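For reference, the structure discussed in these notes is given below.
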Amino acid sequence: MKRKPFLLLALFFLPLGFASRGGENQPDYTGVRIKKFPLAMQAWTYRRFSFLEAVEKTKALGIRYLQAYPGQLLSKEDKKTRFDHNLTDEQIRGIRQALDQVGVEVVSYGVVDCGRDEASMRRVFNFARKMGIHIIVTEPQDGDFPVLERLVQEYDIQVAIHNHPEPSRYAKPETVLEKIRGLDWRIGACADTGHWMRGSRIPVEALRLLSGRIIDVHLKDRSDFSTGQGIDDVPFGSGRANIRDVLAELTLQNYGGYLTIEYENEAEALTPEPAIRAGVNFLRRVTYYEDYEEILSRSRGRYSKHGWNHYGPGHFELDEKEGILKSQGGMGLLWYSAKKYRDFILELEYRCAELNTNSGVFLRVPSVPTSDDYVYYCFEVQINDAGRGIHQTGAIYDAQPPLVNAARPTGEWNHLKITFQGKTLRVELNGQLVVDWQAEPRGKVKDFAEEGYIGLQNHDSLSPVYFRNIFVKELKPRE
């Protein structure tokens, strides 16, 4: 068949990566429930201002975290001092006091040249430790990696390799991946979506290539690919970076770092706030878990059971990197002791190891469990694919059967959404409504409280259950 000229022309002008995009390998991002990522500001956004002015402007935008860069004027009053790793201890203490007063934290530093010898690199790491910084963004030479690997282990500070566009050595994500492969997990990538676009690379494809090794993200959207006339940074969601897919991919990767906003539109360098606000509003609109709290907490890319306690036999193991709980033994209860909930939406994912895996999600546990009596004064959303009726997956255990069997095959992850408002208890399993019930004492439940703790059951040692992505959204009580 003869090709039409306009089709050939379109293929010729596609950015690198589009033509190789196989539909069978392209993830479907439409159904991804996008997580809420903490936002940071790259101080380069305020390169026309001093560091302390950048701090104030970041705070005014409602952003608590900042990535500093070396060489920025420290304050508009002091025309000599620059923010960098050569500051004195006294100056560092003064900066930290100023940050504490406004409630902004410098969490990362770069892009910085760490030097070619250990003494130079150690100076940067010592500065980061004193400032409370836990990510250093840099573009090292090949010979720097052995020393950097020793230092990230010694200081427990991460190093993120940044991708300036060509002629930078790290313009291609393949190069970054090659250099960090096999190194300590604290050495990874700083993914700059805007610079990839300058080099005609599709951001989401580059992110997929670096999956599992992304430490920081410089989030940018641009009006188009390459660097032609009129192509520039634009508010998130209004350019061609496909920011929603970027966030979806980061969600699928369980990315645990910051979305560092770096707005480089030179025409708006003095007044970037309107574009930043518009972009942040877009992020909020597409973030499924925007108003939720993730109650299996994570800090610096590592999960912990902080705020959780266990009652009874057995326990839950936690994969601190992936954030997956695995039940061991039983019968016991892992309950979130940090807070009682009254009206709420609870969303989580679970996976059964066997068809007869038996577990459940407990709602409004009225008090600290000291005996097994708690099961008579709260409700359990059942997990048991081998059960029937009031003991089947999705049921309110011993009280209300599910409307349909919506569980996925054994071994697959399932999504539970539980809404408890007043006495109305709704359970959605994998997007299907399985319970819509006015709660009342029934079956083993003698009575139930208006508020209580959330708990996860480990039932026995034969068929473990796995939990992940545990989010709670508090609701206003119905009048």
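Between helix 273-286 and the chain there is an angle of about 30 degrees, using the helix long axis and the longest principal axis of the Cα atoms.
The angle between the Cα long axis of helix 51-60 and the longest principal axis of the Cα atoms of the chain comes to about 30 degrees, rounded to the nearest 10.
Expressed as a fraction of 2.2 N^0.38 Å, the value expected for a compact globular protein of N residues, the C-alpha radius of gyration of the stretch 298-474 is 0.94.
Over 20 Å, how big is the tail of the calculated P(r) for the stretch 208-283, in percent of all Cα pairs? Beyond 20 Å sits 34 percent of the P(r) for the stretch 208-283. Once Lys and Arg get +1 and Asp and Glu get -1 on their Cβ, which of Val176, Gly31, Val159 lies farthest toward the positive end of the dipole of the chain? The Cα lying farthest towards the positive end belongs to Gly31.
Grab the other residues whose beta carbon is less than 10 angstrom from that of Glu428, score K and R as +1, D and E as -1, and report the net.
Values: positive: Lys417, Arg426; negative: Glu347, Asp436.
Charge balance in the 10 Å sphere: 0.
Computed from Cα positions, the angle between helix 118-131 and the longest principal axis of the chain comes to roughly 50 degrees.
Over the stretch 30-290, Cα pairs under 8 Å with separation of 6+ residues give a relative contact order of 20 percent.
So what's the projected area for the stretch 30-290, the Cα convex hull averaged over all directions, in nm²?
Values: hull surface 53.7 nm².
Projected over every direction and averaged, the Cα hull of the stretch 30-290 covers 13.4 nm².
Dipole of the stretch 239-371 computed with +1 at Lys/Arg Cβ and -1 at Asp/Glu Cβ about the Cα centre; of Asn265, Gly360, Gly323, farthest Cα towards the positive end is Gly360.
One entry in (1) 59, 56, 46; (2) 74, 73, 48; (3) 74, 64, 47 is Cα extents along the principal axes in Å calculated from the shown coordinates; its label is (2).
Here the Karplus relation 6.51 cos²θ - 1.76 cosθ + 1.60, evaluated at θ = phi - 60°, turns the backbone of the stretch 419-432 into coupling constants of 10, 10, 9, x, 9, 7, 10, 10, 10, 10, 10, 6, x, 10 Hz, with x for every Gly and Pro.
Could you tell me the relative contact order of the stretch 298-474? Use alpha-carbon pairs under 8 Å, at least six residues apart, and round to a whole percent. Working shown, then result.
Numbers: 486 pairs, mean separation 57.9, N = 177.
RCO, the stretch 298-474: 33 percent.
Note on the chain: antiparallel DSSP beta bridges, both residues inside, total approximately 70 percent of the bridges counted. For the chain, the relative contact order is 12 percent, taking Cα pairs closer than 8 Å that sit 6 or more residues apart in sequence and dividing their mean separation by the residue count.
Taking a straight Cα-Cα cut-off under 12 Å and skipping sequence neighbours fewer than 8 places away in the same chain, the aspartates and glutamates within cross-link reach of Lys473 are Glu290, Asp291, Glu293, Glu294, Asp343, Glu347. Pairs from the table (Lys340/Lys476; Lys35/Lys179; Lys79/Lys220; Lys80/Lys179; Lys172/Lys326) lying more than 26 angstrom apart at Cα are Lys35/Lys179; Lys79/Lys220; Lys80/Lys179; Lys172/Lys326.
Test of the criteria: in the stretch 384-479, which trypsin sites (Lys or Arg not before Pro) are in a DSSP loop and have at most 15 other Cβ atoms within 10 angstrom of their Cβ? Spell out each step's value before the answer.
Values: sites: Arg388, Lys417, Lys423, Arg426, Arg442, Lys444, Lys446, Arg468, Lys473, Arg478; in loops: Arg388, Lys423, Arg442, Lys444, Lys446, Arg478.
Sites meeting the loop and neighbour criteria: Arg388, Lys423, Arg442, Lys444, Lys446, Arg478.
Size of the stretch 124-221 from its Cα atoms: along the principal axes, largest to smallest, the extents are 37, 25, 25 Å.
Read-outs: derived from the displayed coordinates by stated rules, not from any lab. All figures in this text were calculated on a predicted structure; none of them were measured in a lab. When we count neighbours, we look across all protein chains shown, and the Cβ atoms used for this are built from the backbone with ideal geometry, even at glycine.
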